[in-house]
1. If a residue must be outside any helix (DSSP H, G or I) and either surrounded by 10 or more Cβ atoms within 10 Å (Cβ to Cβ) or modelled with pLDDT under 60 (or both), how many such residues does segment 2-44 contain?
2. Given the conditions (1) assigned to a loop (DSSP other than H, G, I, E, B); (2) at pLDDT below 80, report the number of the one that residue 74 does not fulfil.
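The values are calculated or read from the model by the stated rules, or taken from the named source; none is laboratory data. All values derive from a computational prediction rather than experimental measurement. Quick reminder, even Gly has a Cβ in these numbers, built from the backbone with ideal geometry, and neighbours come from all protein chains shown.
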Amino acid sequence: MDLNRRKFLVSSAAGALAMQIASRDCATQIGQAGGTNSSGGQAQHTADVSAAFVPNRIAVSTYSFFNFADGSKLTIPECIETAARMGFDGVELL
C-alpha cells in the first residue's frame, strides 16, 4: 500500500471521526440502559451519562521542572507544589 502524507491525514481524520461517533453512541446506550421512571425521568438519564464520563487526568514529570525558570533545579516538594499551582492532577517522580 502506497501511503503518503495526504492519505495518512485523511485516514487519521476518518478514524478520529469514527471514534467520536462510537463514543457518543456508547454514552447514549449507557444512558438508555438506566431507563426512566416516574420519579427520575430525564434527571436519571443525565446522571447515568455523566457518571459514565471519566475525565482524562493530566500529570507532569519532575523531569519537566529540571532547570525550571531561572535555571535552578527544584526539589521534589517544590515540583509537587508548582505542579499543583499549575493545575496538574498528578506528578511523576523521577
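1. So the first thing to find is which residues in segment 2-44 are outside any helix (DSSP H, G or I), and the list is 2-4, 35-40.
From what is left, the residues that are either surrounded by 10 or more Cβ atoms within 10 Å (Cβ to Cβ) or modelled with pLDDT under 60 (or both) are 35-40.
Total satisfying the criteria: 6.
2. Every condition holds for residue 74 apart from (2).
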